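S.K.: Have a look at this one.
The values are calculated or read from the model by the stated rules, or taken from the named source; none is laboratory data. All of these numbers come straight from a predicted model, not from anything done at the bench. Because the Cβ atoms are built from the backbone with ideal geometry, glycine has one as well, and the counts that use them run over all protein chains shown.
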Amino acid sequence: MALAPLCDRPHRVESVLDLVGNTPLVEIRRIRAGLGPRVRIFAKLEGLNPGGSVKDRAALWMVRHGLKEGKLTAGKTIIDSTSGNTGIALALAGAVLGYPVELVMPENVSIERKRVVAAYGAKAIYSSPLEGSDGAIRLCRQILAQDSERYFKPDQYSNPVNPQAHMESTGPEIWRDTQGAVTHLVAGIGTGGTVMGTGRFLKLQDPKVQVVAVEPDDAWHGLEGLKHMGSSIVPAIYHEEELDRKINVATDDAYEMVYRLGSEEGLVVGQSCGAALGGALQVARELDEGVIVVIFPDFGDRYLSTSLWVGWRGWYEQDRARV
Ligand SMILES: Cc1ncc(COP(=O)(O)O)c(C=O)c1O
């Protein structure tokens, strides 16, 4: 497949929000053991969004929709429960559009995430680290119940505008940038917005496109951003029956992929990217021919202090020895 230049991001914009979307595809060229020559894998680098993740799309769409519908009005505060990237994206949108933002998140999210949220001027409210993202959802509901008039809650888990963002941006970009050659979409499940919306668009173009979701293989996983559906509150926007396939990936295998992506492909990414690539490789090994697009939700700099890297090649011990 001959490809035209992929990226047509604007060079001059009025607002940083104009930079959301139009992320490039980059081919995975070295991590290909066992793959046939006619199987290609392209990673969509969502870390290049201005807030640093795929969630810029959903956040921006939901905030704009709230403004259009008159649900987000002057004097209101944007609130949501988020394990990190959505919070950063909402904080970015709030900063640019002039709305205060409050974010409920598990206390154990990485220090990098806490700091970037604060840097955008948003307020963090911490839920129990033991209850994960479900604990944040519950605490956010309690806060809203006490003062619902004060807040606008985009509600990424049940807001159809979340998948719609991907239906209107991620999907069309992939179709355009592969010139319609895409055969498989592989994406991790957090809210499910990315895989649902992107998958829907691609299937409308070509019903043969296979939509594959990747999820952690157990409840106590270390894959920030992803949900293990069997042990979680299932998001209302998530419709498993629309998927062609679901692949479970172990935390250790996803981490191994992250390490390899850094040193072999020059892509230092988040753990959910490692999981997604693990799923994509599983699909790729079964094919004689195909163009797989795998979503890489963010880059790795947000996780340098987390269990992903601490302990890798004795880093933790080296750091302690230096103190
Ligand atoms: C790092 C990371 N990966 C993957 C996802 C999954 O995206 P979605 O919520 O669209 O399913 C998220 C969502 O928060 C995320 O933060």
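S.K.: Would you be able to tell me the number of residues in the range 236-252 that are more than 16 Å from the ligand (Cβ to nearest atom) and surrounded by 23 or more Cβ atoms within 10 Å (Cβ to Cβ)?
M.R.: Going through the range 236-252 one residue at a time, the tally reaches 0.
S.K.: Taking the stated definitions as given, is Ser158 under 21 Å from the mean Cα position of the chain (by Cα), assigned to a helix (DSSP H, G or I) and not aliphatic (A, V, I, L, M)?
M.R.: No; evaluated as a whole, the condition is false for this residue.
S.K.: Of the residues in the range 264-298, how many are of a type outside the set (A, V, I, L, M, F, W, C), under 16 Å from Leu35 (Cβ atoms) and either buried (at least 19 other Cβ atoms within 10 Å of the Cβ) or in contact with a strand residue (DSSP E or B) (Cβ under 9 Å, 6 or more places away or on another chain) (or both)?
M.R.: Qualifying residue count, the range 264-298: 8.
S.K.: Identify, please: which residue in the range 173-194 is part of a helix (DSSP H, G or I) and near the ligand (Cβ under 6 Å from one of its atoms) and is, among those, surrounded by the fewest Cβ atoms within 10 Å (Cβ to Cβ)?
M.R.: Thr194
S.K.: Among residues belonging to the range 204-235 that are buried (at least 24 other Cβ atoms within 10 Å of the Cβ) and among the small types (Gly, Ala, Ser), point out the one that is farthest from the ligand (Cβ to nearest atom).
M.R.: Ala213
S.K.: Looking at (1) under 30 Å from Arg285 (Cβ atoms); (2) in contact with a strand residue (DSSP E or B) (Cβ under 6 Å, 6 or more places away or on another chain), find the lone condition where Ile31 falls short.
M.R.: The single condition Ile31 does not satisfy is (2).
S.K.: Could you name every one of the helices (runs of 4 or more DSSP H) located completely within the range 211-323 that has at least 2 residues being under 28 Å from Gly135 (Cβ atoms), at pLDDT 95 or above and in contact with a Leu (Cβ under 8 Å, 6 or more places away or on another chain)?
M.R.: Hits in the range 211-323: 251-260, 271-285.
S.K.: Next question, about the same structure. For the range 21-54, what are the residues that are of a type in the set (S, T, N, Q) and closer than 15 Å to Leu185 by Cβ?
M.R.: Thr23
S.K.: Name every residue in the range 128-155 that is under 21 Å from the mean Cα position of the chain (by Cα) and either assigned to a loop (DSSP other than H, G, I, E, B) or at pLDDT 95 or above (or both), in order of residue number.
M.R.: Across the range 128-155, the qualifying residues are Lys153, Pro154, Asp155.
S.K.: Is it fair to say Gly21 is crowded, with 16+ Cβ neighbours inside 10 Å and assigned to a loop (DSSP other than H, G, I, E, B)?
M.R.: yes
S.K.: Looking at Pro10, Pro50, which one is in a loop (DSSP other than H, G, I, E, B), closer than 23 Å to Met167 by Cβ, more than 14 Å from the ligand (Cβ to nearest atom) and modelled with pLDDT of 95 or more?
M.R.: Just one listed residue meets the conditions, Pro50.
S.K.: Look through the range 114-127, keep the residues that are in a loop (DSSP other than H, G, I, E, B) and either basic (Lys, Arg) or under 21 Å from the mean Cα position of the chain (by Cα) (or both), and return whichever of them is surrounded by the fewest Cβ atoms within 10 Å (Cβ to Cβ).
M.R.: Checked the range 114-127; the qualifying residue surrounded by the fewest Cβ atoms within 10 Å (Cβ to Cβ) is Tyr120.
S.K.: Something else now. In the range 160-182, what residues are touching a strand residue (DSSP E or B) at 6+ places or on another chain (Cβ under 7 Å) and charged (D, E, K, R)?
M.R.: Asp177
S.K.: Let me ask something additional. Does Leu261 fit the bill of being within 15 Å of the ligand (Cβ to nearest atom), in contact (Cβ under 8 Å) with a residue 24 or more places away in the chain and surrounded by fewer than 21 Cβ atoms within 10 Å (Cβ to Cβ)?
M.R.: Criteria not met by Leu261.
S.K.: Moving on to the next point. Out of the residues in the range 61-82 that are within 13 Å of the ligand (Cβ to nearest atom) and assigned to a helix (DSSP H, G or I), state the one that is surrounded by the fewest Cβ atoms within 10 Å (Cβ to Cβ).
M.R.: Trp61
S.K.: Give the range 275-307 a look and list any residue that's within 11 Å of the ligand (Cβ to nearest atom) and in contact with a Ser or Thr (Cβ under 9 Å, 6 or more places away or on another chain), or say none.
M.R.: Ala275, Ile295, Phe296, Pro297, Asp298, Phe299, Arg302, Tyr303
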